[in-house]
Amino acid sequence: MENKSIKIMHKSTIKSQVKKQFQNVEIIEIKKFKFGMFCVKVKKELKRTTKIGNIFGETNFNKSENGIVLDKKISWS
């Protein structure tokens, strides 16, 4: 029986990856779910309005070198 080490993703690592992939957004909150899933609530200031949206992602060390796989688009609400 193999002993698999579970790597825990810290919120600071998630923040840095979101800032690297999406410019001009402000992070409001990070929610972590079971099985390595997480959601980042972001805010973007436009000229006349403020948009709030979510970025969904997962922790997967097989697909990515830093272990974070984010959606390509922001789900605006």
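The values are calculated or read from the model by the stated rules, or taken from the named source; none is laboratory data. Source: prediction; values computed, not measured. As a convention, Cβ positions derive from the backbone with ideal geometry for all residues, glycine included, and neighbour counts pool all protein chains shown. Note: accessible area is taken over every heavy atom of the protein model, side chains too, but ligands, DNA and RNA are not part of it. Shrake-Rupley method; radii C 1.70, N 1.55, O 1.52, S 1.80 Å.
Computed from backbone phi with θ = phi - 60° and the Karplus coefficients 6.51, -1.76 and 1.60, the 3J(HN,Hα) list for segment 70-77 is 9, 5, 7, 10, 8, 8, 7, 10 Hz; x is used for glycine and proline.
3J(HN,Hα) couplings calculated from phi for segment 48-62 with the Karplus curve 6.51 cos²θ - 1.76 cosθ + 1.60 (θ = phi - 60°) are, in sequence order, 10, 9, 10, 9, 10, x, 10, 10, 9, x, 9, 8, 8, 7, 7 Hz; Gly and Pro show x.
So, with a 1.4 angstrom probe, what is the percent of accessible area on the chain that is carbon and sulfur?
C and S fraction of accessible area: 50 percent.
Which pairs break 19 Å Cα to Cα here: Lys20/Lys41; Lys19/Lys73; Lys20/Lys47?
Lys20/Lys47
Label-to-label distance for Thr13 and Thr50 is 3.1 nm, based on points extended 7 Å past Cα in the beta-carbon direction. Projecting the Cα atoms of Phe33, Ser75, Gln21 onto the charge dipole of the chain (Cβ charges, centred on the Cα centre) puts Ser75 farthest toward the positive pole.
When Val69, Val18 are compared by accessible surface with a 1.4 Å probe, the order from highest to lowest is Val69, Val18. Counting only alpha carbon atoms, the long axis of helix 11-21 and the longest principal axis of the chain meet at about 60°.
Give the calculated FRET efficiency between Glu26 and Asn60 to the nearest 0.05, with a Förster radius of 35 Å applied to their Cβ-Cβ distance.
Values: r = 26 Å, r/R0 = 0.74.
With R0 = 35 Å, the Cβ-Cβ based efficiency is 0.85.
Note: relative contact order over the chain, using C-alpha pairs below 8 Å and six or more positions apart, is 21 percent. Heavy-atom accessible surface of the chain, averaged per residue, reaches 81 Å², computed with a 1.4 Å probe.
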